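Some notes on the structure that comes next.
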Amino acid sequence: MPVDVLLGLQWGDEGKGKIVDVFTPQYDVVARFQGGPNAGHTIEFKGNKHVLHLIPSGIFHGNSLCLIGSGVVIDPLILLREIEKLDTVGIDVLSRLRIARRANLILPTHRLLDAASEARKGENKIGSTLKGIGPTYQDKIGRSGLRVGDINLPDFKERYKEAKARHCALLNNYDYNYNLEAVEEGFFEAIESLKRFKWVDSCHFIHRALGMGMKVLAEGAQGTMLDIDFGSYPYVTSSNTVAAGACTGLGIAPREVGNVYGIFKAYCTRVGSGPFPTELFGEEGERLREAGHEFGATTGRPRRCGWLDLVALKFAIRINGVTDLIMTKADVLDYMDTIKVCTHYLLEGEEHKELPYELDAPIKPQFVEFPGWKTDLTEVRKRDQLPKPIMDYIKWLEEELATPITFLSVGPDREQTLEMT
Ligand code: GDP
Ligand code: IMO
Ligand code: MG
């Protein structure tokens, strides 16, 4: 039985959390494979809204096990808070969560380094979520990180002190004021509380599960355009958000990957800095942001909004080997008379259908227009109830992208999901 992968095809916040929750009843294990608490995955059902940062979005279905894989970076305090919150709504995380021993730990000083580095960059800042993601992955790649499995070592505290001293020396190079005691508060309590959970080797855990015929879903965080290698570098996150990241972040072989579900919004958003060729400014952008409630689930920042970009989307489909597309937030476009889609870029007079190296260049996106459907989609529950203009639009997209759109999301609730096949 292969591992299915579900991931974002744009700049994050495509609705991954919602769709993972909808899919979970068909899976036995849901596993996060990269990123950390920079993610904010929203799930809505029965009038309640939940936002998850580290815990896989399968946690609301009692029969599934949830794994935080070895490619994830974990902030023990944020994880603990998330577990406590879930406890208040009756979710027994202790019995259902597994944590990879190889996952790296975000230390309080990683968060300070993130903030100090962003402050120094000034106008050129990445717009990071300030969760310490970049510095933690830097330590991992630099072979000096601390991992979950290290917590039980007799010299864990010494190792922590060593890392802290190294980080403080770096912080001294920044003109940055900080209060270490305040950020350190609660860290060791949270570390202690991690010991209550079952730690696993994610590679063995997944293979044992597959051997028993269990179905595994790998849940991506962020989106393809934020990938460290293939995103809009340097305005990216510090992990591989693409499908290949599921292999390195869980310990599975490429040939063990089954379906790759690629999620995209019916338009585009981006939070933080960096190029965004189809961005809408002024009133148009503002209206779309309001209609889509586009404010960050992790930081509350307003998200930048723009038209759907097929140049970037085709690139994302290719690099991830997407087998099934899922379009979310179609309902947000209900109010529009005309819907625009970018089919190619013009750059210095030259036409680009493939993503160019330089996204920060004066790209002129070229659009085609479709008539809007001007119908409230949020009440639609079946494919054959969809108005003709959106069906025509979807058919055109499927042909253009050479990939079927197998699910359509028409609202934030679990129920507002249409099977398209
Ligand atoms: P994720 O990071 O990919 O899980 O996405 P986020 O949770 O950060 O952002 C997606 C936002 O859109 C959340 O507030 C969801 O509740 C909401 N959402 C998801 N799907 C839909 C949809 O089809 N329509 C509308 N209107 N909202 C949606
Ligand atoms: P989910 O999983 C949207 C963005 C940040 C910033 C850049 C680097 O909810 O889709 P980092 O903190 O990772 O160093 O920030 O990446 N970013 C996200 N944008 N959704 C996310 O996650 C994101 N995680 C990071 O805004 O531009
Ligand atoms: Mg999000």
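Numerical summary
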quantity: Cβ pairs under 9 Å, 6+ apart, first in the stretch 135-162 and closer than 21 Å to Ala115 by Cα, second of a type in the set (Phe, Trp, Tyr); calculated: Gly145/Tyr137; Leu146/Phe156; Leu146/Tyr160; Tyr160/Phe187; Tyr160/Phe188
quantity: Count of the stretch 273-297 residues which are over 19 Å from the mean Cα position of the chain (by Cα) and in a loop (DSSP other than H, G, I, E, B); calculated: 4
quantity: Selection count, the stretch 114-130, where residues are in contact with a Phe, Trp or Tyr (Cβ under 9 Å, 6 or more places away or on another chain) and under 22 Å from Phe276 (Cα atoms); calculated: 2
quantity: Residue match in the stretch 20-30 (condition: in a strand (DSSP E or B) and either open to solvent by 30 Å² or more (accessible area, probe 1.4 Å) or away from ligand 2 (no atom under 16 Å from the Cβ) (or both)); calculated: yes
quantity: Residue among Ser57, Ser95 that is crowded, with 22+ Cβ neighbours inside 10 Å and not in a strand (DSSP E or B); calculated: Ser57
quantity: Scan of the stretch 178-200 for residues that are more than 28 Å from His167 (Cβ to Cβ) and among the charged types (D, E, K, R), ordered by number; calculated: Lys198
quantity: Test: residue in the stretch 263-272 that is touching a Gly at 6+ places or on another chain (Cβ under 6 Å), closer than 22 Å to Leu325 by Cα and either in a loop (DSSP other than H, G, I, E, B) or within 11 Å of ligand 2 (Cβ to nearest atom) (or both); calculated: yes
quantity: Among the residues listed as Leu408, Leu397, Leu325, Leu418, the single one being open to solvent by less than 40 Å² (accessible area, probe 1.4 Å) and in a helix (DSSP H, G or I); calculated: Leu397
quantity: Residue match in the stretch 299-309 (condition: under 23 Å from Phe33 (Cβ atoms), within 16 Å of ligand 3 (Cβ to nearest atom) and either surrounded by fewer than 24 Cβ atoms within 10 Å (Cβ to Cβ) or acidic (Asp, Glu) (or both)); calculated: yes
quantity: Some residue of the stretch 138-161 being at pLDDT 95 or above, more than 30 Å from Pro275 (Cβ to Cβ), open to solvent by less than 40 Å² (accessible area, probe 1.4 Å) and among the aromatic types (Phe, Trp, Tyr); calculated: yes
quantity: Filter pass, Arg196 being touching a Leu at 6+ places or on another chain (Cβ under 8 Å), more than 15 Å from Gly8 (Cα to Cα) and open to solvent by 20 Å² or more (accessible area, probe 1.4 Å); calculated: yes
quantity: Selection count where residues are assigned to a loop (DSSP other than H, G, I, E, B), open to solvent by 90 Å² or more (accessible area, probe 1.4 Å) and within 17 Å of Glu400 (Cα to Cα), scope the stretch 330-378; calculated: 2
quantity: Complete set of residues in the stretch 37-54 that are more than 10 Å from ligand 2 (Cβ to nearest atom) and either under 19 Å from Val5 (Cβ atoms) or not in a loop (DSSP other than H, G, I, E, B) (or both); calculated: Ile43, Glu44, Phe45, Asn48, Lys49, His50, Leu54
quantity: Count of residues meeting criterion [crowded, with 18+ Cβ neighbours inside 10 Å, of a type in the set (A, V, I, L, M, F, W, C) and near ligand 1 (Cβ under 10 Å from one of its atoms)] in the stretch 37-54; calculated: 3
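The values are calculated or read from the model by the stated rules, or taken from the named source; none is laboratory data. Because the structure is a prediction, the values reported are computed rather than measured. Note that each Cβ is placed from the backbone with ideal geometry, even for glycine, and that neighbours are counted across all protein chains shown. Areas reflect the complete protein model, heavy atoms only, side chains present, ligands, DNA and RNA absent. Shrake-Rupley method; radii C 1.70, N 1.55, O 1.52, S 1.80 Å.
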